[in-house]
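What follows is a short report on a single structure.
The values are calculated or read from the model by the stated rules, or taken from the named source; none is laboratory data. On a predicted model such as this, the values are computed, not experimentally measured, just so you know. For neighbour counting, all protein chains shown are included, and Cβ atoms are generated from backbone atoms with ideal geometry for every residue, glycine included. In case anyone asks, the SASA skips ligands and DNA or RNA and just uses the protein heavy atoms, side chains included. Shrake-Rupley method; radii C 1.70, N 1.55, O 1.52, S 1.80 Å.
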Amino acid sequence: MKWFGKKKETKGCCNTDSTAEKSRSAEGRKPAASIQILGSGCAKCSALQKATLTALTELGMETTVDHVTDFAQIAAYGVMTTPALVIEGTVVSCGKQLSVDEIKRLIQKARGQTYE
């Protein structure tokens, strides 16, 4: 007897279907030259925000970093596991704590730069 039916297969980051169309719709919600931390404000989210600010300082970039705690806005990105990092409207990581070096690589990749 099946109570809940067949489990749906999911793809991409945070168990979502990360299609280009969803990324484009997320870009429409946020300014292109910004970074968002998605999460409830827990210790992991705060640590990701601090590491992101450190990475930006080390790269010599002045970019706004917003901490989004509204679950409706987080769900609009298709994120089901926090903390998540959004660069220029695209979810680049979710559900794990990143190091400063990992964040620097993601920022440079999103902006089309090379990592030194």
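Being open to solvent by 60 Å² or more (accessible area, probe 1.4 Å) and out of contact with any Pro (no Cβ under 8 Å at 6 or more places or on another chain) is the filter; apply it to the range 47-64 and report the residue that is nearest to Gln97 (Cα to Cα). First the steps, then the outcome.
First, pick out the residues of the range 47-64 that are open to solvent by 60 Å² or more (accessible area, probe 1.4 Å): 50, 53, 57-58, 60, 62, 64.
Within this subset, residues satisfying the condition of being out of contact with any Pro (no Cβ under 8 Å at 6 or more places or on another chain) are 50, 53, 57-58, 60, 62.
Numbers: Lys50: 11, Leu53: 14, Thr57: 19, Glu58: 18, Gly60: 22, Glu62: 22 Å.
Step by step, filter the range 47-64, then rank; the result is Lys50.
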The range 82-92, residues that are under 24 Å from Gly112 (Cβ atoms) and open to solvent by less than 10 Å² (accessible area, probe 1.4 Å): Ala84, Leu85, Val86, Ile87, Gly89
Hits in the range 85-113 (condition: among the small types (Gly, Ala, Ser) and out of contact with any Cys (no Cβ under 8 Å at 6 or more places or on another chain)): Gly89, Ser99, Ala110, Gly112
Filtered residue count, the range 106-115, keeping only those that are at pLDDT 85 or above and more than 17 Å from Val65 (Cβ to Cβ): 1
The range 65-81, residues that are open to solvent by less than 50 Å² (accessible area, probe 1.4 Å) and under 11 Å from the mean Cα position of the chain (by Cα): Val68, Ile74, Tyr77, Gly78, Val79
